[in-house]
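Below is one structure, written out as structure tokens; the observations come after it.
Laboratory data are not the source of any read-out in this text; all were calculated from the coordinates shown. Predicted model only: the values in this text are computed from it and were never measured. Glycine also receives a Cβ, built like all others from the backbone with ideal geometry; neighbour counts cover every protein chain displayed.
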DNA sequence: AGCGTATGAGCGAACGTTCGTCCACGGTGT
DNA sequence: ACACCGTGGACGAACGTTCGCTCATACGCT
């Protein structure tokens, strides 16, 4: 693998018998005031020599890198992964590359990641990591140095927030359960300190209130977005309120753990306990049983983040609170009308 | 958000009353032949002005970007995602950034992604996308322009291949089933054109042969790494060989679909059909039932890829076939001794 | 007093591009 | 025959760094 040195535009130009600036015009430039014959010759030698433009040099003079940064959380949560992938593909569609950084599990290295991105002069940054809600250092860096769009609220504001309607998500899921006749409805939430958790919790309470039901505190158990956390929260719920007949889970990944815990506790889903979740990750329909869930437009969120960011980079004024994306209930087999206890 | 212009080292130097080259020495350089007082002053004004080094300019002169490219597949497969994330974190630990590109679903844009990475002058490329096994264009670009390490074999060779022992994986899983008394053992594979599929299939056959069993062709059903594909393959298997009592699945993601299809067909796992898979993705233990699976060191594979790549970038000669990483059977509840049909 | 030397800092060049201006040439119209 | 103009291409400058060399100063030594 004797790797060839990169050939520069100067070498191409020399070989084609033109100045390197002329070669630049035909190879990468825009308005070509060059004869067809010369252009052909330059193109041919470039091809022959295996010329690849050096975007580093280009970036230096143009003061723009056509690169955006993406700071994502540890990717244990597939929902975030899906938004990230969609974002990268959308960025590429617009000719941009994506530099990623995944937070460490503690989530304390956000500022380091952002600093590295800034030093690489990314044109903008997308944040898809719940941990940043607490990270004032990240927030300040973003406000000060570079256009950004976030999927989570950033302390102090100043960074547009894209996403879906979380409160509506909680409301939809819960009223679905109510509509099926359930009244002892528990919920396995995300971490309480997260906005999305509080919003979904509000939606849950909205629905209960509208049905004239109360929210006893012991029907709410805090999870951590992981299957393991979902399972633990479910065990707690079952212990505190054995009569529970339905659970609203704040994410599909946790729902895996919820279903698992229910299964081990000998409760059948949906006959004994109905489960509704949110996200609609791609394999929700392959869980056992197939999961009823509120679909959150993950990929679209990622794409919207990129579109907004690119507009912001282009100098356009973007609203700090763009319209929330709509959510939709997908009914599968994990929910069913409440069975009257036959004994 | 009146974004501040980036301040250059020249401005810092001017304000501190030194030449910009001197400022460069203390801010980014190595051997500082500068008085403590001057250094302090430069550092202070840099801080005051919010100076961030421009690595683009640095890269241009040093002819190295401290950036590696990662081409990954569409990330429907969580196993690949996990390797990617680990790779990124390992790279960052070594001071490198990561530029990612996710293949489109068809997987035909690999060369475009690689070209973009090359033009951005990444120091090396890691490939984590099964689709490249067919992509001679990608292989040629890698061989010609940039050090690379792949998690999948690349046509024509020349790119070191990291990974685990796939044949052993198939053997371990299958002989586990045999040890439990099963003999009608089917398998849901990955796409046949993939090496990993063929290796795991060989392991499966090795184990069967060692036990004196045959491999009727209708016990093998091809999947596509997705849960949906796994479910479809399972239905096929059930239809062709209703007497089947065990299934070896080539990935945990497909196992989701296998469990789902079995559940819908009314077959209990593990009592009626035992299921063993491979990967051990993080939520394998939360499937219903918890999945017996052969653990593949995903994160370690990602890290090894980076380490090898960095060594290759440093000019070290790396073997094209580094030792395969070991795999390990994790027994959970989806497998059990074969029940003698009691009727 | 004079020399050598260490120390601190300046300075030119280079990395590979883009961008705008300048120049030479040949053809056209009168 | 002359001025004029359009066309094709050259060329200098700049982007923000790093690297290596040069230079001035002051100190210690004989």
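Which peptide among B:188-197, A:309-318, B:24-33 comes first, and what is the full order, when sorted by highest mean count of other Cβ atoms within 10 Å?
The peptides rank, most packed first, as B:188-197, A:309-318, B:24-33.
Compute the FRET efficiency between residue A:115 and residue A:57 as 1/(1 + (r/R0)^6), taking r as their Cβ-Cβ distance and R0 = 30 Å, and round to the nearest 0.05. Present the calculation step by step, with values, prior to reporting the outcome.
Numbers: r = 24 Å, r/R0 = 0.79.
The pair residue A:115/residue A:57 has a calculated efficiency of 0.80.
Could you work out Rg/(2.2 N^0.38 Å) for the stretch B:221-260, with Rg from alpha carbons only?
Values: Rg = 9.0 Å, N = 40, 2.2 N^0.38 = 8.9 Å.
Compactness ratio reported: 1.01.
How big is the stretch B:67-157 along each principal axis, measuring the range of its Cα positions in Å and listing the largest first?
32, 29, 20
How big is the Rg/Rh ratio for the stretch B:244-310, C-alpha atoms only, Rh by Kirkwood, two decimals? Please list the in-between numbers first.
Numbers: Rg = 14.5 Å, Rh = 12.8 Å.
With Rg and the Kirkwood Rh in hand, the quotient comes to 1.13.
What is the calculated FRET efficiency for residue B:35 to residue B:206, with r their C-beta to C-beta distance and R₀ = 56 Å, to the nearest 0.05?
Approximately 0.20, to the nearest 0.05.
What's the Kirkwood radius of the protein assembly as shown in Å, using all Cα pairs? Don't skip to the end; give the middle numbers.
Details: mean 1/r = 0.0365 Å⁻¹.
Its Kirkwood hydrodynamic radius stands at 27.4 Å.
Give the order of A:134, B:285 when sorted by the count of other beta carbons within 10 angstrom, beginning with the fewest.
Fewest to most other Cβ atoms nearby, the residues stand as A:134, B:285.
Taking the stretch B:99-210 as the region of interest, what is the percent of Cα-Cα pairs per 10 angstrom bin, listed from the shortest bin to the one with the maximum distance?
Pairs per bin, as whole percents: 14, 38, 23, 17, 8, 1.
From other protein chains only, count the Cβ atoms within 10 Å of every residue's Cβ in B:134-144, then give the mean.
Details: counts 0, 0, 0, 0, 0, 0, 0, 1, 1, 2, 5.
Counting Cβ atoms of other protein chains within 10 Å of each residue's Cβ and averaging gives 1.
Measuring from label point to label point, each 7 Å out along Cα→Cβ, what is the residue B:265 to residue B:28 span in nm?
According to this spin-label approximation, the distance is 6.1 nm.
Report, in cubic angstrom per residue, the convex hull volume of the C-alpha atoms of chain A.
Given the Cα convex hull of chain A, per-residue volume reads 170 Å³.
Taking 0.36 nm per residue of sequence separation and subtracting the Cα-Cα distance, how much length would be gained by fully extending the chain between residue A:49 and residue A:3, in nm to one decimal?
Values: separation 46, 0.36 × 46 = 16.56 nm, distance 1.35 nm.
So the extension gain works out to 15.2 nm.
To make sure I understand, if each residue's beta carbon is the centre and we count other beta carbons within 10 Å, what order do B:321, A:144 fall in, fewest to most? All intermediate terms of the calculation are to be shown ahead of the outcome.
Details: B:321 11, A:144 15.
So the residues, fewest neighbours to most, are B:321, A:144.
Please find, in a Gaussian network model of chain A (springs between Cα atoms separated by less than 10 Å), the residue of A:150, A:277, A:241 whose mean-square fluctuation is greatest.
Of A:150, A:277, A:241, the most mobile in the Gaussian network model is A:241.
For chain B, modelled as a GNM with alpha-carbon contacts under 10 angstrom, which of B:301, B:81, B:215 fluctuates the most?
Its mean-square fluctuation being the largest, the pick is B:215.
As a test, work out the antiparallel percent of DSSP beta bridges whose residues both lie in chain A, rounded to the nearest 5.
10 percent
List the extent of the Cα atoms of the stretch B:22-75 along each of their three principal axes, largest first, rounded to whole Å.
The principal-axis extents, from largest down, are 53, 23, 14 Å.
Given that compact globular proteins tend to follow 2.2 N^0.38 Å, what is the ratio of the alpha-carbon Rg of the stretch B:187-343 to that value?
Cα Rg divided by the expected 2.2 N^0.38 Å: 1.16.
Could you tell me the relative contact order of the stretch B:150-282? Use alpha-carbon pairs under 8 Å, at least six residues apart, and round to a whole percent.
Result for the stretch B:150-282 is 25 percent.
Inside 10 Å of the C-beta atoms of A:224-237, what's the mean count of C-beta atoms belonging to other chains?
What the average comes to for A:224-237 is 1.
Going by a ≥ b ≥ c, the root eigenvalues of the Cα gyration tensor, does the stretch A:274-313 fall in the rounded group (a/c under 1.5), the prolate group (a/b larger than b/c) or the oblate group?
Numbers: a/c = 7.51, a/b = 3.53, b/c = 2.13.
Verdict is prolate for the stretch A:274-313.
Please give the helix B:298-313 orientation as an angle from the longest Cα principal axis of chain B, in degrees from 0 to 90, rounded to the nearest 10.
40 degrees
Can you list, shortest first in nanometers, how far residue A:299 lies from the same residue in the other copies, with each label 7 Å from Cα toward Cβ?
Relative to the other copies, residue A:299 has label-point distances of 2.9 nm.
Over the stretch B:1-148, calculate the relative contact order: mean separation of alpha carbon pairs under 8 Å at least 6 apart, over the residue count, as a percent.
Normalised by residue count, the contact order of the stretch B:1-148 is 21 percent.
Averaged over its residues, how many other protein chain Cβ atoms are within 10 Å of peptide B:53-62's Cβ atoms?
Averaged over the peptide's residues, the number is 5.
Using Cα-Cα distances under 8 Å and only pairs 6 or more residues apart, what relative contact order does chain A have, in percent?
16 percent
Once the Cα gyration tensor of the stretch A:128-193 is found, what semi-axes does its equivalent ellipsoid get, as square roots of 5 times the eigenvalues, in whole Å, sorted largest first?
For the stretch A:128-193, the semi-axes come out at 34, 12, 7 Å.
Whole-Å semi-axes of the stretch A:281-343's equivalent ellipsoid, largest first, each the root of 5 times a Cα gyration tensor eigenvalue?
Values: eigenvalues 317, 35, 6 Å².
Calculated on Cα positions only, the semi-axes equal 40, 13, 5 Å.
So the label point sits 7 Å from Cα along the Cα-to-Cβ vector; using that for residue A:33, what distances do you get to the other copies, in nanometres, sorted shortest first?
From this label point to the equivalent ones elsewhere in the assembly: 4.7 nm.
Can you list, shortest first and in nm, the gaps between the label point of residue A:192 and those of its counterparts in the other copies, using a point 7 Å from Cα in the C-beta direction?
5.8
Once both axes come from the Cα atoms, what is the angle between helix B:227-240 and the longest principal axis of chain B, in degrees from 0 to 90, rounded to 10?
20 degrees
What's the center-to-center distance, using Cα atoms, between the stretch B:300-326 and the stretch A:149-220 in Å?
Here the two parts' Cα centres lie 46 Å apart.
Given a Förster radius of 35 Å and the C-beta distance between residue B:136 and residue A:94 as r, what FRET efficiency does 1/(1 + (r/R0)^6) yield to the nearest 0.05?
0.80
Does anything in the stretch B:174-211 have its amide N under 20 Å from the 7 Å Cα→Cβ label point of residue B:339, and if so which residues?
B:177-186
Which shape class applies to the stretch B:1-145: rounded if a/c is under 1.5, otherwise prolate when a/b exceeds b/c and oblate if not, where a ≥ b ≥ c are the square roots of the Cα gyration tensor eigenvalues?
In terms of gyration-tensor shape, prolate.
Sorted from fewest to most neighbouring beta carbons within 10 Å, what does the list A:263, B:283 look like?
A:263, B:283
Rule-of-thumb check for the stretch A:205-293: C-alpha Rg over 2.2 N^0.38 Å?
Details: Rg = 12.4 Å, N = 89, 2.2 N^0.38 = 12.1 Å.
This ratio for the stretch A:205-293 stands at 1.03.
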